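Novice: Got a structure for you, questions after.
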Amino acid sequence: MPIKIKNAPKRSLDELKNIIPSFRNEAINIYEEQDHSHFVPHKIYDPSVFDLAAGKGLANTQQTGWRYLFQDEKGEYHVAEIGMDEELDEHKFHHVNLGGHVNSFVAIYDRLHNHEHVEEKHYEINILRISPIYVMAIWLKGEDHEHEFFIPLAPVNSKFEAGRTYEYDEFMPLLQEAAQEVVSFEEEHASATDDLTRIEGIGPKAATILNEAGYTTFSSVAAAQPAVMEAVLKAAGSRYNFLDATTWPEQAALAAEGRWEELDKLQDELKGGRRE
């Protein structure tokens, strides 16, 4: 049976419509296309690492956005992420990504239709992302049934095997264990202050403002929502309006784990902390 691909809300598609022509020659009239499955629209969920550590699972996890898959003129795959506020019904372009996680997603998606579970029942494809513990996984939720399973994308936290199928009862204890390690480390080093300027895009003055707002460690930045940090900085003065915190949690997660070579490689791909 096929993976269920659902069209995203029009406001999210409005944002996508503005992005796609920058990467492809032809203009695309998204609204005239009744089927958007070639963009593989899928929901993003970003559960709290503290809720996971407390054993609350995913029951209260809210959708934070939509992602779309597309190819550029050279055939390279990208994903565009459109964030959302469900209560306000607001949608805002966040970023376009490429590289490891995107290529891993494409490889798994291409063979997912032949997965033993999918051959028997319908599933909806989603992304589960927990940046503080460096986990991004495809989350297959049952359509008209309760079964669900997960497939981590490479690169991933060492507790998981990328590309492997995990049942819920196996996956969640590993997530909880990884989350508890991060939370325990944060509590043990609560009085410590990391050098946030190691994160590309955060200068000395911005780091001081973030420190005063409680973002004193790499782990705290990794667990934060970019929009919240941007709001903190904008409140400190108009000079900080231009700062884009989209990649800060991703960078901070690597720094928190001491993965400096990977951080350097990521920062080589950035310009002023932004993906070009």
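The values are calculated or read from the model by the stated rules, or taken from the named source; none is laboratory data. Note that the structure is a prediction, hence the values are computed from the model and not measured. Please note: Cβ atoms are built from the backbone with ideal geometry, for glycine as well, and neighbour counts cover all protein chains shown. Side chains are part of the model used for accessible areas, which takes the heavy atoms of the whole protein and leaves out ligands, DNA and RNA. Shrake-Rupley method; radii C 1.70, N 1.55, O 1.52, S 1.80 Å.
Novice: Need the full-extension length gain, E124 to Y240, defined as separation in residues times 0.36 nm minus the C-alpha distance. One decimal, nm.
Specialist: That pair, E124 and Y240, stretches by 37.8 nm at full extension.
Novice: Report the chymotrypsin sites (Phe, Trp or Tyr not before Pro) located in region 115-222 that are in a DSSP loop and have at most 13 other Cβ atoms inside 10 Å of their Cβ, or state none. Walk me through the intermediate numbers first.
Specialist: Values: sites: Y123, Y134, W139, F149, F150, F160, Y166, Y168, F171, F185, Y215, F218; in loops: Y134, F160, Y215.
Counting only loop positions with at most 13 other Cβ atoms within 10 Å, none of the chymotrypsin sites (Phe, Trp or Tyr not before Pro) in region 115-222 qualifies.
Novice: Under a cut-off of 27 Å between alpha-carbon atoms, report the lysines in cross-link reach of K234, not counting same-chain residues fewer than 8 places apart.
Specialist: Of all the lysines, those that pass the test against K234 - Cα under 27 Å, at least 8 places apart if same chain - are K92, K205, K271.
Novice: With θ set to phi - 60°, apply the Karplus curve 6.51 cos²θ - 1.76 cosθ + 1.60 along region 68-83 and write out the HN-Hα couplings as whole Hz, x wherever there is a Gly or Pro.
Specialist: Ordered by residue, 3J(HN,Hα) equals 10, 9, 7, 10, 8, 4, 8, x, 7, 7, 9, 10, 9, 10, 10, x Hz.
Novice: Follow-up. Karplus couplings for region 121-133 from phi (6.51 cos²θ - 1.76 cosθ + 1.60, θ = phi - 60°), rounded to Hz, Gly and Pro as x?
Specialist: These are the phi-based 3J(HN,Hα) values: 9, 7, 9, 9, 8, 9, 10, 10, 10, 10, 4, x, 10 Hz.
Novice: For labels at Q225 and N7 in the simple 7 Å Cα→Cβ model, what's the distance in nm?
Specialist: 2.8
Novice: Using Cα pairs under 8 angstrom and six or more residues apart, how large is the relative contact order of region 81-148, in percent? The partial results should precede the final answer.
Specialist: Numbers: 61 pairs, mean separation 13.0, N = 68.
Reported relative contact order: 19 percent.
Novice: Moving on. Report, to two decimal places, the Cα Rg of region 167-276 normalised by 2.2 N^0.38 Å (N = number of residues). Mind showing how you got there, number by number?
Specialist: Working: Rg = 14.8 Å, N = 110, 2.2 N^0.38 = 13.1 Å.
Scaled against compact globular proteins, the figure is 1.13.
Novice: Just the number, please: carbon plus sulfur as a percent of the accessible area of region 144-276, 1.4 Å probe, no ligands or DNA/RNA counted.
Specialist: Numbers: 3280 of 6910 Å².
The value for region 144-276 is 47 percent carbon and sulfur by accessible area.
Novice: Choose one answer from A236, A227, A256: the residue with the largest mean-square fluctuation in a GNM of the chain with alpha-carbon springs under 10 Å.
Specialist: A236
Novice: Comparing E116, E200, E257, which has the greatest mean-square fluctuation in the GNM of the chain with Cα pairs linked when under 10 Å apart?
Specialist: Judging by the Gaussian network model, the answer is E116.
Novice: Please list the non-local residues whose amide H lies under 5 Å from the amide H of E200, H modeled 1.01 Å from N, same-chain partners needing a gap of 5 or more.
Specialist: For E200, no residues qualify.
Novice: With each run of n ≥ 4 DSSP H residues scored as -39500 (n - 2.57), what mean residue ellipticity at 222 nm is computed for the chain after dividing by its residue count and rounding to the nearest 500 deg cm²/dmol? Numbers along the way, then the final one.
Specialist: On the way: 9 runs with 91 residues, N = 276.
When only DSSP H runs of four or more count, the value is -9500 deg cm²/dmol.
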